[in-house]
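One structure is given below, encoded as structure tokens.
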Amino acid sequence: MRNYSRRELLAGTGAFAGATLLSGCTSTLTAPTRALAQPGAKALLDSIAENLLWTDPEQATSLGIDKGSRAALRTFLKDRSQAGQDRIAAILRADLARTETLDTSALDDSTRTSIEVVKSAYRTSLEGFALPYGDVAVGSWRNTPYVVIQNVGAYLDTPRFLDADHQIANAADAEAYVARLDSMTVQLDGELARIHDARGKGLVPPAFLLDKAITQLSQSLDNARKGGGLVDSLVNRTRDIPGDWDTRARSIVTQRIAPALSRQLDELKIQRSKATMDPGMWARPGGDAYYAWALKASTTTAMSPDEIHRMGRRELAELQSRMDVILKRNGYSSGSVGQRMVALAKDPKYKFKEGDPGRAEILAYISEWISKFRGFTPRGFNTLVRANLEVKRLPPEEEPGAPGAYGGAGSIDGTIPGKFWINLHTTDLHRRYDLPSLAAHEAIPGHVWQGEYANQLPLIRTLLSFNAYSEGWALYAEQLMDELGAYDDFEVGKLGYLQSLAFRACRLVVDTGLHAKRWSRQQAVQFFVDEIGSGAEDVAREVDRYCSWPGQACGYKVGHSEILRQRAKAQSALDSRFDLKAFNDAVVKGGNVPMDVLARNVADYVANVRT
């Protein structure tokens with residue numbers, strides 16, 4: 001693939017040009033029903049991966065593969081305009097057609113799985129692109145009807161990406177940073193056109209989400225008018241690199257990016273004047289159809305809102321019974337489980353100091369638990385990965401609208417570490433008994449750990465992920481640390497882990513309650529407080545997230561329960577030959593997959609043990 005010019009990529013022609021076939025794959029189209037040989041299949045998958053990668057320059061940088069023939073990607077940002085969305089959909093349709101009629105019977109299991117993963121991800125994504133509004137995260141988790149809101153938008157994503165993932169070691173890297181600043185204006189205006197169009201179709205976010213987004217975007221605008229973090233990040237990393245980086249970056253940020261942010265802010269204020277307090281998709285045009293698709297994309301199942309709602313209530317009751325035993329053993333025997341967890345949260349010995357001293361204490365505490373979990377991984381896996389990571393505070397301007405934490409693996413070559421982003425808006429968000437399970441979930445053996453296995457697979461498998469698998473695995477990682485004895489000397493930490501699972505069961509109830517059963521925002525918040533004793537401030541932020549990412553919160557427990565169901569089937573089938581480490585390897589080395597493919601991977605593991 002040739003290096004595209006900056007003008008071509010900004011115009012989108014470079015991304016679309018990436019949809020052409022690699023020369024080694026042309027024969028697969030002339031005889032689409034012929035059995036595909038192994039080399040041709042791998043070339044086909046490589047071609048599909050390149051096509052997808054060229055639609056997302058930021059991901060190429062985050063994976064550390066924006067080099068060589070892909071070097072042009074390093075100077076651009078993802079096209080967030082409607083034209084950019086249309087080009088992605090066109091590429092997906094073309095590449096899905098290349099896989100749909102293939103006879104894969106001659107392929108090995110791994111390659112066949114990769115082709116099935118592409119089919120699943122692309123079919124579901126194209127269903128999303130056919131809907132009248134919203135962002136479709138191809139093979140990922142952040143599908144949203146609202147292109148710019150309190151936790152979605154370039155005003156949040158791009159500064160964080162440029163600071164954390166765009167590495168600067170020389171003048172060329174700095175020039176690429178400046179070029180990306182220049183691209184950010186185009187990116188912001190592409191979003192602006194889409195949210196204006198959505199308003200014209202009657203899609204206006206809930207008023208309480210807009211209030212948060214307006215506050216955050218106002219802060220971003222104030223910072224940009226002064227240069228702010230977008231300039232400081234470059235200047236601080238180019239002190240030994242000759243060039244007038246400050247002046248050049250400041251000119252772009254203050255004269256181009258700031259006005260673009262101002263235009264977005266003006267549009268959100270117009271939307272706020274028309275907004276209601278109704279939180280769910282049921283109140284938006286075409287909302288029921290959107291939510292049905294969002295649930296399918298999130299869970300990779302055909303479960304209905306009612307089925308998911310009932311599942312959540314059933315699993316919550318089971319988890320509360322387990323929490324009840326531990327609470328009683330630790331002296332908390334009066335009141336509901338939720339009331340007793342509220343009382344536990346008030347115990348000073350589980351709190352952190354306020355302000356910056358407490359923030360430093362939290363970061364150190366997380367690092368201690370990550371180190372402890374590293375020591376347990378040889379008991380749970382035959383194949384180990386490095387799990388290169390760093391714990392970082394979320395940018396303060398993002399924290400009011402962000403979840404408590406999130407994480408993921410770093411670059412394929414290890415030069416960019418994985419991240420465990422922690423929300424430290426206030427130290428009262430966290431307790432000593434709940435941070436260990438959060439560390440297992442986001443870092444080891446959760447997202448960062450699993451992501452490093454994915455980075456070893458063919459590129460298309462690194463690019464594509466499935467919410468139910470990735471979040472289900474992260475919950476399974478929390479459980480695995482308990483099963484391997486991490487909380488044997490800290491029983492209240494085990495209670496925190498069970499509260500984490502119960503929290504995800506509550507999400508099934510609340511997400512479907514908001515979007516299908518017409519719950520109010522306060523009703524959703526109160527359900528969490530009453531059932532598992534979550535703090536109202538923390539939960540309000542969570543509920544707002546479910547309003548802007550419909551269905552996403554349902555992937556966690558659905559995925560976790562399916563992994564456990566597959567483990568129970570394997571144990572029953574293999575009896576004494578079942579090996580936990582071998583099972584875990586089969587699940588995590590099989591890659592990030594939809595739930596039906598996960599079942600096939602586990603079945604293959606069972607069959608291989610039996611032979």
The relative contact order of the chain, taking Cα pairs under 8 Å that sit 6 or more residues apart, comes to a percentage of 16 percent
Can you pull a Stokes-Einstein diffusion coefficient for segment 369-475 at 25 °C (0.890 mPa s), Rh from Kirkwood over Cα pairs, as a whole number of µm²/s?
170 µm²/s
What list of ³J(HN,Hα) values in whole Hz, one per residue of segment 305-314 in order, does the Karplus curve 6.51 cos²θ - 1.76 cosθ + 1.60 (θ = phi - 60°) give from phi, with Gly and Pro shown as x?
x, 5, 5, 5, 4, 5, 4, x, 5, 5
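Quick one: work out the % antiparallel among DSSP beta bridges in the chain, nearest 5. Mind dumping the intermediate values first?
Numbers: 6 of 12 bridges.
Of the beta bridges lying entirely in the chain, close to 50 percent run antiparallel.
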If you place +1 on the Cβ of every Lys and Arg and -1 on the Cβ of every Asp and Glu, how big does the dipole about the Cα centre of the chain come out, in debye to the nearest 20?
420 debye
Over the Cα atoms of segment 509-548, Rg to Rh with Kirkwood Rh, two decimal places?
0.93
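Just want the ordering: R272, R123, from fewest to most Cβ atoms lying within 10 Å of their own Cβ.
With the fewest neighbours first, R272, R123 line up as R123, R272.
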Which whole-number percentage describes the relative contact order of segment 425-577, with Cα contacts under 8 Å and a sequence gap of 6 or more?
30 percent
Quick shape check on segment 172-233: root eigenvalues a ≥ b ≥ c of the Cα gyration tensor, a/c under 1.5 is rounded, otherwise prolate if a/b tops b/c, else oblate, and it reads oblate
Span per principal axis, largest first, for the Cα atoms of segment 528-611 (Å):
54, 23, 16
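Report the far tail of the P(r) of segment 253-361, meaning the percent of Cα-Cα pairs longer than 22 Å. Please report the intermediate quantities before stating the final value.
On the way: 3998 of 5886 pairs.
Beyond 22 Å sits 68 percent of the P(r) for segment 253-361.
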Using a ≥ b ≥ c from the Cα gyration tensor of segment 154-276 (square roots of the eigenvalues), is it rounded, prolate or oblate, where a/c under 1.5 gives rounded and otherwise the larger of a/b and b/c decides, a/b for prolate?
prolate
In Hz, Karplus ³J(HN,Hα) per residue of segment 320-335 (6.51, -1.76, 1.60; θ = phi - 60°; x = Gly, Pro)
5, 5, 6, 5, 4, 4, 5, 4, 5, 5, 9, x, 10, 10, 10, x
Residues meeting the amide H criterion for R393 (H placed from the backbone, H to H distance under 5 Å, 5 or more places apart or on another chain) are I422
For q values of 0.06, 0.08, 0.10 Å⁻¹, compute log₁₀ I(q)/I(0) with the Debye formula on a Cα-only model of the chain, without solvent.
-0.31, -0.56, -0.90
Magnitude of the Cβ-charge dipole of segment 290-559, K/R +1 and D/E -1, about the Cα centre, nearest 20 debye?
360 debye
Can you work out D for segment 290-559 in µm² s⁻¹ from Stokes-Einstein, where Rh is the Kirkwood radius over C-alpha pairs, the temperature is 20 °C and the viscosity is 1.002 mPa s?
113 µm²/s
Whole-Hz ³J(HN,Hα) from phi, Karplus 6.51 cos²θ - 1.76 cosθ + 1.60, for segment 591-597, glycine and proline x:
x, 6, 9, x, 5, 5, 6
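Would segment 53-193 count as rounded, prolate or oblate if I go by the C-alpha gyration tensor, calling it rounded below 1.5 in a/c and otherwise prolate when a/b exceeds b/c, oblate otherwise? Before the final figure, lay out the partial values.
Numbers: a/c = 2.38, a/b = 1.39, b/c = 1.71.
Note, shape of segment 53-193 comes out oblate.
By per-residue mean of other Cβ atoms within 10 Å, what is the highest-first order of 281-290, 378-387, 398-407?
Put in order of decreasing packing, that is 398-407, 281-290, 378-387.
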Using only helices, what value at 222 nm comes out for the chain when you add -39,500 (n - 2.57) per DSSP H run of length 4 or more and divide by the total residues, to the nearest 500 deg cm²/dmol?
-20000 deg cm²/dmol
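A short reminder: the numbers here are calculations on the coordinates, not readings from a lab. These numbers were taken from a predicted model, which means no experiment stands behind them. Every residue, glycine as well, gets a Cβ built from its backbone with ideal geometry; the counts of neighbours run over all protein chains shown.
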